[in-house]
1. Across 10 Å bins from 0, what is the distribution of all Cα-Cα pair distances for the chain, in whole percents?
2. Restrict the search to the range 52-156; then list the GluC sites (Glu not before Pro) that DSSP places in a loop and that have at most 13 other Cβ atoms within 10 Å of their Cβ.
3. Going by Cα centres, the range 253-281 and the range 23-66 are how many Å apart?
4. Using the 2.2 N^0.38 Å rule of thumb for compact globular proteins, work out how the range 76-132 stacks up: its C-alpha Rg over that value, please.
5. Which value in nm describes the separation of the simple spin-label points at Asn233 and Asn198, placed 7 Å from the Cα toward the beta carbon?
6. Quick check on the range 143-276: of the DSSP beta bridges with both residues there, what percent are antiparallel, nearest 5%?
7. What distance in nm lies between label points placed 7 Å from Cα along the C-beta direction at Ser3 and Lys104?
8. With Rg and the Kirkwood Rh both taken from Cα atoms, where does Rg over Rh land for the range 1-138?
Amino acid sequence: MESQILDCAIIGGGPAGLTAGLYTTRGGLSNVVMFEKGMPGGQITQSSEIENYPGVTGEITGMDLMIPWPEQCQKFGLKHEMVEVTRISHKENGNFIIHRGDGKTQEAYSVIVCTGSTPRRAGFNGEDKFFGRGVSTCATCDGFFYKGKEVAVLGGGDTALEEALYLAKICTKVYLIHRRDTFRASPNTVERVKSTQNIELVLNSCPDEVYGDAMGVTGVRVIDNDGKSREINVPGIFTFVGNNVNNQVLMQEDGTSLCSLNSAGEVIVDLSMRTSVPGLFAAGDIRIEAPKQVVCAAGDGAVAALKAISYVDEKLSHK
Ligand code: FAD
Ligand code: NAP
């Protein structure tokens, strides 16, 4: 075990974790580590465009938005460890143990869980087999491979429609497959999709199978609500069917969760981002009723950090 007890351990380096890092360090905590298994920035770095972050005009990608955030945090002393956290456990004295993927552990007075969410699999035949070989969940990452070709997009939410618009600029045609005939994406985005000439709506339909050869995907067979099937010959399908929350770090060896979760696995918090366990906070997409917006995740991170500072101050004053 690393000897020095951390004032605060932040798990995850997306908008929530980075903002928590900024506020804890700038607010006076001196020994704060953000554990991030990949590059900091979170899921928004996969977005081809963000136009609803306050104060940011002009066309920027999610990556553009996030690049300065880690540097700003480091200026105030946030330490960053590029390692996966496998579990958080609780000691009898109220402190927490951070179990790292490299086998090491670290003790902390307080923890802010900001592990966000990851794309869900849709569940059609061939999805796993061709994942990374024609099936993708990231248009900014993989869209370029389909420049000048036709592709399919699955889903009816904001992500699917926004990424369909992005792909329509690179690809000759985008088939937007959705299981209903109305969309849950914002009306403005739906209108933009409907008025884009090279997006064909394939409604009331679900993929039955993605098929291909040794080189990758060659097509997708969709079945509509009347049972009629249609083959769409495309080398790529982008699936955007929602996200699962990353709550694995809370799971204990006996199968219980460290703190209370709702039926969807989201962390139950109060307005101060406090969980059911004192000293343990949760922020961003992982919490109940998260609006799943960068600005909200960042706001949560700030709230959690301010409360973590009070918690640690109080705890250390009684030592
Ligand atoms: P995340 O961004 O998910 O970050 C969590 C971080 O935790 C990740 O970096 C992950 O690697 C890390 N992590 C997870 N588990 C562990 C572990 N065990 N150990 C260490 N690290 C771990 N929002 C908007 O406001 N506007 C938009 O236009 C917009 N567009 C979007 C487009 C796309 C394609 C997507 C996918 C999302 C979009 N969103 C948008 C939503 C927005 O990205 C999220 O609401 C926001 O990123 C949530 O931030 P977060 O910090 O809670 O979690
Ligand atoms: P989402 O809103 O949950 O939408 C998922 C879509 O996938 C839905 O249309 C759903 O259909 C469909 N779907 C789910 N499972 C399916 C399956 N197995 N097969 C076929 N289709 C399936 O997810 P999201 O679009 O990723 O958005 C997540 C959150 O981030 C939302 O709160 C969203 O507003 C937010 N976000 C915001 C922005 C922005 O503000 N610009 C951008 C991106 C994301 P049904 O509609 O029939 O359920």
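The values are calculated or read from the model by the stated rules, or taken from the named source; none is laboratory data. Small disclaimer: the values here were computed from a predicted structure and weren't measured. Don't worry about glycine lacking a Cβ; one is built from the backbone with ideal geometry, like all the others, and counts go over all protein chains shown. Each accessible area value is taken on the protein alone, full model and side chains, heavy atoms only, with ligands, DNA and RNA left out. Shrake-Rupley method; radii C 1.70, N 1.55, O 1.52, S 1.80 Å.
1. Computed distribution, short to long bins: 6, 25, 29, 21, 14, 5, 1, 0.
2. Values: sites: Glu59, Glu71, Glu81, Glu84, Glu92, Glu107, Glu127, Glu150; in loops: Glu59, Glu84, Glu92, Glu127.
Those satisfying the criteria are Glu59, Glu92.
3. 24
4. Normalised by 2.2 N^0.38 Å, the Cα Rg of the range 76-132 equals 1.66.
5. 1.9
6. Once the DSSP bridges in the range 143-276 are tallied, antiparallel ones form about 55 percent.
7. 1.4
8. So for the range 1-138, dividing Rg by the Kirkwood Rh gives 1.05.
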